[in-house]
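Each value in this text was obtained by applying a stated rule to the coordinates, not by laboratory testing. This is a predicted model, so every value here is computed, not measured. Neighbour counts run over all protein chains shown; Cβ positions are idealised from the backbone, glycine included.
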Ligand SMILES: [Zn+2]
C-alpha cells in the first residue's frame, strides 16, 4: 500500500489525513476519534468573520484560539469557543487545513445524522468562507468537489450533509445560497485526466 491516494492529478490525501499542498495551520481544538470510528460523513459548513466579511484573519484566529474579543463586537460572543474544522475553502478556492482528517475536529457540536449522534466522531468538516446573503464562488464549488472526491477515495464516506441538516434549529449553515444541486453535479463529473 502506498502512503497516499492519487487521484488523476487531483488532490491527494496523505496517510494521516492531510490534503497535500494545502497550508496546514494546526488547531489545538481537536482530539482522537473514538477507537474504531471510521470517517463516514462529510459536513459542509459556512463561516465568515466578522459576519458577512471575507478575506480577513478572523477564521484562522478563531480556530487557533487567537481571536481578539475586542476586535469586533461579534467576536466578544465567540472568542471563548473551542472550535475547528478540518478544512477551510476561501473565496478564491484557496484551502487551509487545521486538523488532519485522522483526528476529530470540533465542528459539528450537538448533532445527529441518520440517528447517530456526535457527528464529530465520524465526520470530516469543511468550512466554506461565506454567509447566508452572498452566493458562493465558482472556485469554491470546484475546490469542494475536488476535495470531496479525494476524501471519498481515501475514506468510507457514505453521506454528505450540511451543518443545518445535522443540527436543525441550531445551525443554518451552509445556508440558502449554497447550491447543493450544483455541488452534486460537479461531483459526478469525471476528474480531469492527466
Ligand atoms: Zn457550521
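Any chance you could count how many residues in segment 68-89 are over 23 Å from residue 41 (Cβ atoms) and under 19 Å from the mean Cα position of the chain (by Cα)? Summing the residues that are over 23 Å from residue 41 (Cβ atoms) and under 19 Å from the mean Cα position of the chain (by Cα) in segment 68-89 gives 1.
If the condition is being under 18 Å from residue 105 (Cβ atoms), touching a helix residue (DSSP H, G or I) at 6+ places or on another chain (Cβ under 9 Å) and crowded, with 16+ Cβ neighbours inside 10 Å, then segment 59-78 contributes 61, 62, 67. Those residues that are in contact with a strand residue (DSSP E or B) (Cβ under 9 Å, 6 or more places away or on another chain) and surrounded by fewer than 17 Cβ atoms within 10 Å (Cβ to Cβ), I need them from segment 32-53; list them, please. Scanning segment 32-53 gives 32, 34, 37. Close contacts from segment 163-183, counting a first residue that is at positive phi and a second that is surrounded by 14 or more Cβ atoms within 10 Å (Cβ to Cβ) and assigned to a helix (DSSP H, G or I), with Cβ to Cβ under 8 Å and a gap of 6+ residues or different chains, come to 175/164.
When the residues of segment 79-91 are filtered to those that are in contact with a strand residue (DSSP E or B) (Cβ under 9 Å, 6 or more places away or on another chain) and surrounded by fewer than 23 Cβ atoms within 10 Å (Cβ to Cβ), the one that is farthest from residue 174 (Cα to Cα) is 83. Where helices (runs of 4 or more DSSP H) sit wholly within segment 134-194, those with at least 1 residues that are out of contact with any helix residue (DSSP H, G or I) (no Cβ under 8 Å at 6 or more places or on another chain) and crowded, with 18+ Cβ neighbours inside 10 Å occupy 138-154, 163-166. Within segment 39-64, residues that are within 26 Å of residue 13 (Cα to Cα) and in contact (Cβ under 8 Å) with a residue 24 or more places away in the chain have Cβ atoms under 6 Å from residues that are away from the ligand (no atom under 15 Å from the Cβ) and in a strand (DSSP E or B) in these pairs: 41/159, counting only partners at least 6 apart in sequence or on another chain.
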